[in-house]
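Trainee: Quick one: the structure is below, and I'll ask about it shortly.
Just so you know, all these numbers are worked out from the coordinates, no wet-lab data involved. Please read these numbers as outputs of a predicted model, since none were measured by experiment. Cβ: placed from backbone, ideal geometry, glycine included. Neighbour counts: every protein chain shown.
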Amino acid sequence: MKFFALAAVASTFFTLAAPASAQFVKAEDAIKYRQSALFVMGQHFGRIGAMASGRAPFDAKVAADNADVVASMAKLPWAAFGPGTDKGGDTKAKSEIWTEQAKFKDANEKLVAETVKLAAAAKTGNLEAVKTAVTATAGTCKACHDAFRNK
């Protein structure tokens, strides 16, 4: 019985510990994946930003729905920055992503945390809370783009 439990735990560990880059057959696939995830996140964030800035009427349900998408999408692209994905495709990723991985991971974690706060703020239906969360989230986007994205 202990053997089977140990085997199950070991199997689970190795499955979860497998490198994320193994998901992608080619570097170009990883690049397309991360760009697609970031594009979708940006589209939904833009909708909330338009409401926060007054360019679109504020609709609490639409803001909350879009914020949920942003928070979900914010978790996805980071696995696609694996080894060998620094070149090829149409990437704007700076080499610092791979040379300053701790800083990049920190930027990723800040974005994910801010998008969770954005989703929570949007659920309140309070426009001022959404504006504050949009500003904070946009700041994490800008900081990461400034450090890790070529123009």
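Trainee: Arrange the peptides 39-49, 78-88, 96-106 so that the one whose residues have, on average, the most other Cβ atoms within 10 Å appears first. Before the final figure, lay out the partial values.
Mentor: Numbers: 39-49: 18.1, 78-88: 16.5, 96-106: 14.0.
With the highest mean Cβ count within 10 Å placed first, the list reads 39-49, 78-88, 96-106.
Trainee: How many nm separate the modelled label positions at ASP29 and SER95, each set 7 Å beyond the Cα in the direction of the Cβ?
Mentor: The answer from the label model is 2.8 nm.
Trainee: Using label points projected 7 Å from each Cα along Cα→Cβ, tell me how many nm separate ASN126 and LYS75, to one decimal.
Mentor: So the label points at ASN126 and LYS75 sit 2.6 nm apart.
Trainee: Next question. Give me, ordered by chain and number, the residues 5 or more places off ALA93 or on other chains with an amide H under 5 Å from its own placed amide H.
Mentor: ASN150
Trainee: R0 = 35 Å: FRET efficiency of ASP106 with THR135, Cβ-based, nearest 0.05?
Mentor: Working: r = 20 Å, r/R0 = 0.56.
E between ASP106 and THR135, to the nearest 0.05, is 0.95.
Trainee: If I model a spin label at GLN43 and ALA60 as a point 7 Å from the Cα along the Cα→Cβ vector, what separation in nanometres do I get?
Mentor: 2.7
Trainee: If r is the Cβ-Cβ distance from LYS87 to LYS117 and R0 is 30 Å, what FRET efficiency results, to the nearest 0.05?
Mentor: Computed FRET efficiency for LYS87 and LYS117: 0.30.
Trainee: Okay, next question. Before rounding to the nearest 500, sum -39500 (n - 2.57) across all DSSP H runs of length at least 4 in the chain and divide by the residue total; then give [θ] at 222 nm in deg cm²/dmol. Walk me through the numbers on the way to the answer.
Mentor: Numbers: 6 runs with 107 residues, N = 151.
One gets -24000 deg cm²/dmol as the mean residue ellipticity at 222 nm.
Trainee: Based on a Kirkwood Rh over C-alpha pairs, give the Stokes-Einstein translational diffusion coefficient of the chain at 10 °C and viscosity 1.306 mPa s in µm²/s. List each step's numbers first, then the result.
Mentor: Details: Rh = 16.9 Å.
Value of D from the Cα-based Kirkwood radius: 94 µm²/s.
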